[in-house]
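Q: First, the structure itself, so that you have it in front of you.
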Amino acid sequence: RFSDLPNFGPEGFAVEIVGDPGTAFDNYYVRFEKSDDADSAGVWREAIAQGAPYQLDPATMPHVLVREADGSFTFRQAEWADRSVGDAASAPEPSFVGRTLTDVFFFRNRLGVLSDENVILSRAGDYFSFWPKTVTAQLDSDPIDVAGGHNKVSILRHAAPFNRRLILFAEQSQFELEGGAILTPMTAAIRPTTEFVSSTAVQPVAAGRHVYFVSEKGGFAGVREYAFDEVTATTDATENTKHAPSYIPEGVFAMAAARHDDLLALLTTGDPSAVYVYKFYWSRDDKLQSSWSRWSFAATDRLLAAEFVDARMILVIERADGVFLEEMDLDPGAADTGFGYQVAADRRIEESACVLATAQGANGTETRLTLPFAESGSLWVVARESAAGLTRGEAIEHSRPDAATVTLPGDLSAAKLFIGRRYQSRYVFSPFVLREGAGAAQAAMGDGRLQILYLALFYEATGGFEVAVTPKARQTYRYAFTGKILGAAANRIGSNALETGRFKLPVYARNTEVSIEIQSESFLPARFLAAEWEGRWVTRARRMG
């Protein structure tokens with residue numbers, strides 16, 4: 001018994017305290033420690049068994065990225081706590097030792113890892129310790145090492161902490177780690193919740209009230225929305241790509257969520273030069289928007305990574321001349337100084353990032369800008385301030401001797417400029433249909449012919465756009481809105497007018513036999529609030545009874 005130990009002894013003398021002779025699980029070890037005075041009494045402290053393994057190999061454990069005092073970052077091995085008490089029976093090593101770690105995460109003030117079918121959590125508040133503090137009692141703060149129970153082998157691949165829950169993803173099943181109000185080794189348990197195929201290549205992300213994960217089949221990828229119903233205490237994972245099952249190619253390897261803007265971004269090896277974007281909007285329990293779009297980059301570009309910081313999308317892009325870190329501001333209210341809107345151009349830089357020189361050309365003095373990168377695409381050069389004879393917002397004509405040079409007419413060495421690549425925004429309308437019923441009970445009417453006569457677009461603070469109407473087997477008709485309205489107060493020479501109003505155009509085609517597309521390649525904003533159509537409905541049949 002511990003009470004049988006003497007008050008005096010040699011420094012470092014170790015003793016095993018034996019409990020029930022029939023088991024070794026209640027045995028523990030103590031070591032005698034003296035104070036500074038060699039003749040004084042000491043204390044017995046709980047210790048580790050002689051010869052017991054006590055260290056984790058930091059080279060095979062997760063590493064840390066540390067921000068140094070000078071602002072630089074160092075990627076290095078972490079300092080993991082050693083086993084300080086017990087032996088292999090009373091303080092067994094974590095189940096991940098000798099196995100592969102598949103994910104690392106934080107959950108309820110603990111660092112967690114996944115390995116095989118186990119979830120292993122560190123001591124509460126002590127992220128780098130996976131050993132108990134004592135073996136004489138089980139503490140609520142002790143590490144947690146629990147395995148999932150299922151009727152089939154389910155190797156855990158990803159974990160997503162969400163809404164006081166830890167959602168776990170295997171290849172064909174989903175689980176939740178339960179722990180009650182206080183997560184302890186005694187209360188922690190894993191239970192299966194849903195049975196959906198989940199991609200092991202992409203990390204699920206939480207956004208809003210749901211956790212999104214990717215599933216792939218038939219050469220295409222889909223996204224599911226995992227949710228827990230607090231009222232019925234049930235879980236489900238509805239498919240958000242059911243209305244576009246063949247839109248996203250397979251090979252999704254990255255998914256990021258913009259929690260400020262209800263938006264998901266996916267990268268895929270099946271289309272490496274594009275970002276697939278899911279935009280959603282909830283009003284209480286009703287989803288009012290569920291749309292997919294594709295943001296395409298140059299065909300030679302390869303997107304390597306994507307992440308969101310507030311309302312900014314950060315992209316790592318491999319181009320022909322190197323790998324670049326670029327950002328995209330998605331804040332709808334963002335504006336450049338003095339403009340009231342953002343000048344829309346890709347890879348946008350200012351003149352200060354270029355090497356500027358004036359020279360004599362064939363038509364007189366010209367200003368040459370050498371870009372910090374090679375860009376073969378068409379560019380916008382826009383004055384960002386009224387200087388050097390230019391007006392803020394003025395688009396400047398230019399020539400391109402080569403991919404890294406822009407030549408401007410005249411001496412514009414004092415000009416303040418934006419330089420960026422042109423891109424085209426496109427929106428294709430889904431076929432217009434006539435519906436009957438109300439709310440969720442609405443159904444499309446298919447017992448007649450719908451002829452679309454006119455389309456009206458409601459725009460706000462818009463500089464210009466074009467609508468292309470292409471009836472089946474006929475030529476495309478283009479209707480341009482230039483932003484210049486005769487007699488409007490904003491229509492002034494030397495300035496860019498941003499108008500708000502209604503733009504009406506003819507269609508004269510059957511609803512299922514026409515493609516209607518809004519296009520814009522301007523650096524000015526193009527914002528749309530709503531669309532209305534006017535048509536003629538001819539009934540071919542009538543319901544009886």
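The values are calculated or read from the model by the stated rules, or taken from the named source; none is laboratory data. Bear in mind the structure is a predicted one, so any value in this text is a computation, not a measurement. Don't worry about glycine lacking a Cβ; one is built from the backbone with ideal geometry, like all the others, and counts go over all protein chains shown. What goes into the accessible areas is simple: the full protein's heavy atoms, side chains included, and nothing from ligands, DNA or RNA. Shrake-Rupley method; radii C 1.70, N 1.55, O 1.52, S 1.80 Å.
Q: Please report, as a whole percent, how much of the solvent-accessible surface of the chain comes from carbon and sulfur atoms (probe radius 1.4 Å). Display every interim value, and only then the final one.
A: Values: 14950 of 29590 Å².
About 51 percent, which is the carbon plus sulfur part of the accessible surface.
Q: Right, next: Which pairs break 27 Å Cα to Cα here: LYS416/LYS484; LYS472/LYS504; LYS279/LYS472?
A: LYS279/LYS472
Q: Over all directions, average the projected area of the Cα convex hull of the chain and note it in nm². If you can, show how the numbers build up before the last one.
A: Numbers: hull surface 161.7 nm².
So the Cα hull casts an average projection of 40.4 nm².
Q: Here is a further query. Would you mind getting the Kirkwood hydrodynamic radius of region 385-521 from its Cα pairs, rounded to one decimal in Å? Could the numbers behind the result be given before it?
A: Numbers: mean 1/r = 0.0531 Å⁻¹.
Computed over region 385-521, the radius equals 18.8 Å.
Q: Can you tell me the alpha carbon radius of gyration of region 103-196 divided by the globular rule-of-thumb value 2.2 N^0.38 Å? All intermediate terms of the calculation are to be shown ahead of the outcome.
A: Numbers: Rg = 12.8 Å, N = 94, 2.2 N^0.38 = 12.4 Å.
Region 103-196 yields a ratio of 1.04.
Q: Over the Cα atoms of region 156-217, what Rg and Dmax result, in angstrom?
A: Radius of gyration, then largest Cα-Cα span, for region 156-217: 12.1, 40 Å.
Q: Right, here's the next one. Taking 8 Å as the Cα distance limit and 6 or more residues as the minimum spacing, I'd like the relative contact order of region 159-234 as a percentage.
A: Rounded, it is 21 percent for region 159-234.
Q: For region 230-344, what is the Kirkwood estimate of the hydrodynamic radius, computed as the reciprocal of the mean inverse distance between distinct Cα atoms, to one decimal in Å?
A: Values: mean 1/r = 0.0622 Å⁻¹.
Answer for region 230-344: a Kirkwood hydrodynamic radius of 16.1 Å.
Q: Tell me, in nm to one decimal, what length is gained between TYR281 and THR470 on full extension, where the rule is 0.36 nm per residue of separation less the Cα-Cα distance?
A: On the way: separation 189, 0.36 × 189 = 68.04 nm, distance 3.04 nm.
Extra length available between TYR281 and THR470 comes to 65.0 nm.
Q: Here's something else I'd like to know. Can you give the accessible area per residue of region 402-504, in Å², using a 1.4 Å probe? Can you show the working numbers first?
A: Working: 5740 Å² over 103 residues.
For region 402-504, the solvent-accessible area averages 56 Å² per residue.
Q: Can you work out the FRET efficiency for the pair PHE458 and ALA374, with r the C-beta to C-beta distance and R0 = 35 Å, to the nearest 0.05? If you can, show how the numbers build up before the last one.
A: Numbers: r = 41 Å, r/R0 = 1.17.
So the FRET efficiency works out to roughly 0.30.
Q: Can you give me the accessible area per residue for region 293-363, using a 1.4 Å probe, in Å²? Display every interim value, and only then the final one.
A: Working: 4090 Å² over 71 residues.
Averaged over the residues of region 293-363, the accessible area is 58 Å².
Q: Further question on the same structure: Report the local net charge at ASP261: Lys and Arg +1, Asp and Glu -1, summed over other residues whose C-beta lies under 12 Å from its C-beta. Don't jump to the answer; show the numbers that get you there.
A: Values: positive: ARG259, LYS279, ARG312; negative: ASP262, ASP310, ASP329, ASP331.
Summing Lys and Arg as +1 and Asp and Glu as -1 gives -1.
Q: Let's test the formula: R0 of 30 Å, r as the Cβ-Cβ distance of THR235 and PHE75. What FRET efficiency results, to the nearest 0.05?
A: Values: r = 37 Å, r/R0 = 1.24.
Efficiency at R0 = 30 Å is approximately 0.20.
Q: At 7 Å along the Cα-to-beta-carbon direction for both ALA438 and GLN172, put a label point, then send me their distance in nm to one decimal.
A: Taking the two extended label points, one gets 4.7 nm.
Q: So, one more: Which order do the peptides 309-317, 169-177, 515-523 take when ranked by the mean count of other beta-carbon atoms within 10 Å per residue, highest first?
A: Working: 309-317: 15.9, 169-177: 21.0, 515-523: 18.9.
Top of the packing list down: 169-177, 515-523, 309-317.
Q: Need the C-alpha centroid separation for region 356-385 versus region 91-127, integer Å.
A: So the two Cα centres are separated by 56 Å.
Q: Please turn the phi angles of region 154-164 into ³J(HN,Hα) values with the Karplus equation 6.51 cos²θ - 1.76 cosθ + 1.60 (θ = phi - 60°), one per residue in order, whole Hz, x for glycine and proline.
A: Taking θ as phi minus 60°, the curve returns 10, 6, 6, 10, 9, 10, 9, x, 7, 6, 6 Hz for region 154-164.
Q: Separate question: Mind checking which of PRO471, TRP533, GLN451 is farthest towards the positive end of region 436-534's charge dipole, using Cβ charges of +1 (Lys, Arg) and -1 (Asp, Glu) about the Cα centre?
A: Checking the options against the dipole of region 436-534, the answer is PRO471.
Q: Give me the extension gain from ARG67 to MET445: residue separation times 0.36 nm, minus the current Cα-Cα distance, reported in nm with one decimal. Don't jump to the answer; show the numbers that get you there.
A: Numbers: separation 378, 0.36 × 378 = 136.08 nm, distance 6.12 nm.
Roughly 130.0 nm would be gained on extension.
Q: For a quick check: with amide H placed at 1.01 Å from N, whose amide H comes under 5 Å from TRP380's, ignoring anything fewer than 5 positions away on the same chain?
A: So TRP380 has HN proximity to GLY420, ARG421, ARG422.
Q: Right, here's the next one. What number do you get for region 364-413 when its Cα radius of gyration is normalised by 2.2 N^0.38 Å, N = residues?
A: Working: Rg = 11.0 Å, N = 50, 2.2 N^0.38 = 9.7 Å.
Normalised Cα radius of gyration, region 364-413: 1.13.
Q: Less than 12 Å Cβ to Cβ from THR407, Lys/Arg counted +1 and Asp/Glu -1: what total charge do the surrounding residues give?
A: Values: positive: ARG368, ARG400; negative: GLU366, GLU397, ASP402.
Residues close to THR407 contribute a combined charge of -1.
Q: Going by a ≥ b ≥ c, the root eigenvalues of the Cα gyration tensor, does region 1-109 fall in the rounded group (a/c under 1.5), the prolate group (a/b larger than b/c) or the oblate group? Display every interim value, and only then the final one.
A: Values: a/c = 3.37, a/b = 1.66, b/c = 2.03.
Because a/c hits 1.5 or more and a/b fails to exceed b/c, region 1-109 counts as oblate.
Q: So how much slack lies between MET328 and ALA14, counting 0.36 nm per residue of separation and subtracting their Cα-Cα distance, in nm? Present the calculation step by step, with values, prior to reporting the outcome.
A: Numbers: separation 314, 0.36 × 314 = 113.04 nm, distance 6.24 nm.
Here the segment from MET328 to ALA14 would lengthen by 106.8 nm.
Q: Scan region 406-472 for trypsin sites (Lys or Arg not before Pro) in coil per DSSP, keeping those whose Cβ has at most 11 other Cβ atoms within 10 Å, and list them by number. Spell out each step's value before the answer.
A: Working: sites: LYS416, ARG421, ARG422, ARG426, ARG435, ARG449, LYS472; in loops: LYS416, ARG422, LYS472.
Hits after loop and neighbour filter: LYS472.
Q: Could you do me a favour and compute the accessible area per residue for region 168-270, 1.4 Å probe, result in Å²? Kindly include the intermediate steps, with their values, before the conclusion.
A: Values: 4460 Å² over 103 residues.
In whole numbers, region 168-270 has 43 Å² accessible per residue.
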